[in-house]
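The values are calculated or read from the model by the stated rules, or taken from the named source; none is laboratory data. From a predicted model like this one, the values you see are computed outputs, not experimental measurements. Side chains are part of the model used for accessible areas, which takes the heavy atoms of the whole protein and leaves out ligands, DNA and RNA. Shrake-Rupley method; radii C 1.70, N 1.55, O 1.52, S 1.80 Å.
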Amino acid sequence: MTAPSLLAGLWQTLTRGRPSERGAGGSSFETDWADLLVRLGLPPRALRDVVEADSLHPHFHYRHYAQPKKDGGRREIAEPDAALKRVQQEIIARWFTAEQPHPSAVAYQKGKSTADHVWAHAGAEVVVTADVRDFFPSTSAWRVEDWWRRRVDDDTARLLTRLTTHRGGLPQGAPTSPALSNLVNRELDARLDCRSKAAGARYTRYCDDLAFSWSDGWGPPSDFEAGVRSALHEVGYELHPEKGWRVHGRRDEPEITGVILTRHGSVRLPERLGRVMRTLGRSADAHDARRLEGYLGYAEMVTRRRARKK
């Protein structure tokens, strides 16, 4: 396939077969997409260069920096430049809106939050929490490309993979990564959900945080952990060596995504957040008052039980 026809195919894919608003006269992709690239200060053939060189350079770049984690570690962020971010946002608008993740994946979903992840396990007698190590970079480019290949032709899949992955995985910092992390893992979530139901458990996932719960006191079967680890390993994931697999009884009041499941079947914020809120409440600074409003809104969202889809 030649580069012009490849790009035309990409545009047809991204527009889901809709004709160009410009009508006849020239390739719809090279006309419509080139307009965006020109507005971004890039040559009309920028994406063709990406295909031919199998590289984002020299047109697109990532900025790398680290953010501290709550556990003392550091999270590596790869932030796309303004031009690449705009292209990724176009991909989101033209493709992802028609795709649905597995119902067990509650992160990055409109109308859902960590509250949906936590309340799904409220009142359970046994809760297992599991944490996937380096979730975004471990969501490999080959899996992303395989996902695209099931939807578009091979050449277009390579281009879209190059535009949405970095250094062999999903870049934490790109706008396309959250949705892709859910969509690429739909089959994994379905497998873990099926395994959980067979074991009498409920399963939800919020990004890299997995939770399984049992309403009775039996908890996971003896082979349950091995089965989960095997399913994760088959797609390139592994659990965190320290906090990767923890079994909690109801009286343990486990913390899930920063929220406590109480022994009484409700949800509360951890004491460390309560201390922060009390400190802000004693401050006369207007900035602290706005921060306190944010914390109070968060507390209302996660601790108030609403009617949630079972």
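Would you pull out the residues with amide H under 5 Å of K243's amide H, same chain only if 5 or more places away, H placed 1.01 Å from N?
The answer is none.
Might you tell me the accessible area per residue for the chain, computed with a 1.4 Å probe and given in Å²?
51 Å²
Per residue of segment 256-261, what does 6.51 cos²θ - 1.76 cosθ + 1.60 with θ = phi - 60° give for ³J(HN,Hα)? Whole Hz please, x for Gly and Pro, Karplus curve as stated.
10, 6, x, 10, 9, 8
Tell me, what % of the accessible area of the chain is carbon and sulfur with a 1.4 angstrom probe? Intermediate values should be presented prior to the final figure.
Values: 7880 of 15900 Å².
So the carbon and sulfur contribution to the accessible surface is 50 percent.
Report, by chain and number, residues whose modeled amide H sits under 5 Å from the one on E238, excluding near sequence neighbours (fewer than 5 apart, same chain).
Amide H to amide H, under 5 Å and 5 or more residues apart or across chains, E238 pairs with R133.
Calculated from the structure, P(r) over Cα pairs in 20 Å bins from 0, in percent equals which of (i) 28, 50, 21, 1; (ii) 28, 45, 22, 5, 0; (iii) 25, 53, 21, 1?
Computing P(r) over Cα pairs in 20 Å bins from 0, in percent and matching it to (i) 28, 50, 21, 1; (ii) 28, 45, 22, 5, 0; (iii) 25, 53, 21, 1 gives (i).
Assuming a strict under-22 Å limit between Cα atoms, what lysine pair count do you get for the chain once near-sequence pairs (fewer than 8 apart, same chain) are dropped?
Qualifying lysine pairs in the chain: 9.
Can you work out ³J(HN,Hα) from phi for every residue in segment 236-245, in order, using Karplus 6.51 cos²θ - 1.76 cosθ + 1.60 and θ = phi - 60°, giving whole Hz and x for Gly and Pro?
Coupling constants for segment 236-245: x, 9, 9, 7, 4, x, 9, 10, x, 8 Hz.
Which ³J(HN,Hα) values, rounded to whole Hz and listed in residue order, are derived for segment 116-126 from phi using the Karplus coefficients 6.51, -1.76 and 1.60 in 6.51 cos²θ - 1.76 cosθ + 1.60 with θ = phi - 60°, glycine and proline given as x?
Each residue's phi maps through the Karplus curve to give 5, 5, 6, 5, 4, 10, 5, x, 5, 7, 9 Hz.
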